[in-house]
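Let me begin by presenting the structure, written as structure tokens, before commenting on it.
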Amino acid sequence: MKRFTVFRLTSFDNLLNLNIMIKLTLAILWLAVINLPKLQMFDANISNESGRSGSGNTSVTRQSAAQACDLQIIDPPPTPFPILFVHDGDRFYYQNNFLHGLPPIGNQEQDIEDNYLIDPAPYVSPEDSTISFVIKENSLGSCTFDQFSLIAVDHSKESTVGVTDKGVIVLYYNKQLISPKYAEKSGIDVTQELSFDSSFSKTVKGEEKEHLFVQYSNNEKVTGANLALIFDPSQRGIDPCATCSKDYAGYLFVNGRGGNSEGKELQFTSRLERSVNILPVSSNEKISNVDIWWKHEFDLSYFVVASLDYSGFTKEPLTFLKAENSRDGDILKSLYYRDSIYSSLDSTSFITLLFKNSARFLPKDSKRDYVLSVKGRTLLPSFNAQRKFQDNQTVLEKQSSYKFKLFSNFPNPFNPVTKINYELPASALSSGSEKNVTLKVYNLIGEEVAVLINEKQNPGKHSITFDGSNYPSGIYFYKLQLGEYQQISKMILLK
């Protein structure tokens, strides 16, 4: 009896195991049938991409196919400059443009070097510690590249990495940033908007040729070692051909440099998306206030002063693993060194870059940022010659763009000297050609106390200094007039 019972139990177990195996087999076959179209589509994409690039490396062609798919989904904004796409672990997304700066004057077709801080930081693959980018052009232009490199910058979490207008990597500290005591845009108070705010919750938007005045101290000049102006302009949403010419985004005057109240002109560039501009003033100069004029529309979140740290961090160039043009194939050799062996790019292809991340130990109180360094040049589209913001813009076009406008004096309040800026259009001078331009100062009860201008003037920008040494403290008005055109503004003399 015992042997018979054992036999029946064993037979039952075998039948149960056989039933489970059959069900598992059927489930696997069902999953294979369901996913067969997806596998065929993926293989077809790989085959097509491999045929275009001519590469025999399966891993490279699979990655290129995935990038091509991602870039078709994303619609980058129109710009004549190359576009950087950064991988976020899931797909490539548009971050900003580059090679937008100016080469030395007189060498407009010369290579420039652009060091761009990747912000937000790029995704590092946990599988092989690689970092990947895609470079793309659209129909507005083309470019040539001599070299790409990626630099890892390790620093304390309390500090912030930045790149100056000359491409120098620096540190600054958000807790030490000096926000404006007073700021105005064409007479409108924007002090709160231009105070430092890393969340960009408040912004100032302006038009071309608009004036911005920023004051950092009412009574004393801001001093410190390695002072710099830090601001975050954006040109998002403006006409893409307004910046087609190789030109600066604007210029500014820093007043209080080394005791010189007249200051000195500095020029700056701007990327399409919001990014940080750092303009060093000097290691031994002072900043009282700044006047900024813009050459086109702008969007600004803050305009602050900081002391730069040129040390306190470590840099390491990362290993350049791959550079591939979707049309021409492997281009690593032409982009690895600065050897004047170029690789070109236009809207018919894109470039994939792959770097190996640093294996250097990163302490808990430190963080790592990345700076992409590029050497190359942008070849602007031929139709720029007929656009408004071109390099060979005529004097007549410049004159016709001026308005009859009286700007706020700066500084304001002042003691005892202030500067008044104004614009005169060609149309106003034509209608009142026999009349002088007058700029007069009145006290609070309407009495004329000074005549600053009484003469014929040309169209364009003008400025005049008012010295209040011989006048008592108080509120004064100044009026600009030409024929039927007139504007009045207010200033405060505070001794």
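The values are calculated or read from the model by the stated rules, or taken from the named source; none is laboratory data. Predicted, not measured: the structure shown is a model, and the values here were computed from it. Cβ coordinates were reconstructed from backbone atoms using ideal geometry, including for glycine residues, and neighbour counts include every protein chain displayed.
Screening I445 against (1) within 19 Å of N412 (Cβ to Cβ); (2) among the hydrophobic types (A, V, I, L, M, F, W, C); (3) out of contact with any strand residue (DSSP E or B) (no Cβ under 7 Å at 6 or more places or on another chain) leaves a single unmet condition, (1). Across the stretch 186-202, the qualifying residues are those that are under 16 Å from P233 (Cα atoms) and modelled with pLDDT under 90, and the one among them that is surrounded by the fewest Cβ atoms within 10 Å (Cβ to Cβ) is S199. Considering each residue of the stretch 147-163 in turn, none proves to be assigned to a loop (DSSP other than H, G, I, E, B), crowded, with 19+ Cβ neighbours inside 10 Å and either at pLDDT below 90 or among the aromatic types (F, W, Y) (or both). Could you tell me whether the stretch 260-268 includes any residue that is modelled with pLDDT under 90, part of a strand (DSSP E or B) and crowded, with 18+ Cβ neighbours inside 10 Å? Looking for residues that are modelled with pLDDT under 90, part of a strand (DSSP E or B) and crowded, with 18+ Cβ neighbours inside 10 Å, one finds at least one in the stretch 260-268, hence yes. The one condition from (1) closer than 23 Å to S234 by Cβ; (2) crowded, with 16+ Cβ neighbours inside 10 Å; (3) touching a Phe, Trp or Tyr at 6+ places or on another chain (Cβ under 6 Å); (4) modelled with pLDDT of 85 or more that D88 does not meet is (2).
In summary, A152 fulfils each of the numbered conditions (1) within 30 Å of V305 (Cα to Cα); (2) touching a Cys at 6+ places or on another chain (Cβ under 7 Å); (3) not basic (K, R) with the single exception of condition (2). Of everything in the stretch 225-244 that is farther than 30 Å from T418 by Cβ and crowded, with 19+ Cβ neighbours inside 10 Å, the residue that is modelled with the highest pLDDT is S234.
Residues checked against (1) surrounded by 15 or more Cβ atoms within 10 Å (Cβ to Cβ); (2) out of contact with any helix residue (DSSP H, G or I) (no Cβ under 7 Å at 6 or more places or on another chain); (3) closer than 30 Å to I287 by Cα; (4) modelled with pLDDT under 95:
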{"residue": "K364", "(1), (2), (3), (4)": "no, yes, no, yes"}
{"residue": "G376", "(1), (2), (3), (4)": "yes, yes, no, yes"}
{"residue": "S382", "(1), (2), (3), (4)": "no, yes, no, yes"}
{"residue": "A385", "(1), (2), (3), (4)": "no, yes, no, yes"}
{"residue": "Q399", "(1), (2), (3), (4)": "yes, no, no, yes"}
{"residue": "K419", "(1), (2), (3), (4)": "yes, yes, yes, yes"}
{"residue": "Y422", "(1), (2), (3), (4)": "yes, yes, yes, yes"}
{"residue": "L444", "(1), (2), (3), (4)": "no, yes, no, yes"}
{"residue": "E447", "(1), (2), (3), (4)": "no, yes, no, yes"}
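Determine, yes or no, whether L332 is under 17 Å from D146 (Cα atoms) and surrounded by 13 or more Cβ atoms within 10 Å (Cβ to Cβ). The answer is yes for L332.
The combined condition, being within 15 Å of L354 (Cβ to Cβ), surrounded by fewer than 16 Cβ atoms within 10 Å (Cβ to Cβ) and modelled with pLDDT under 95, is not fulfilled by E109.
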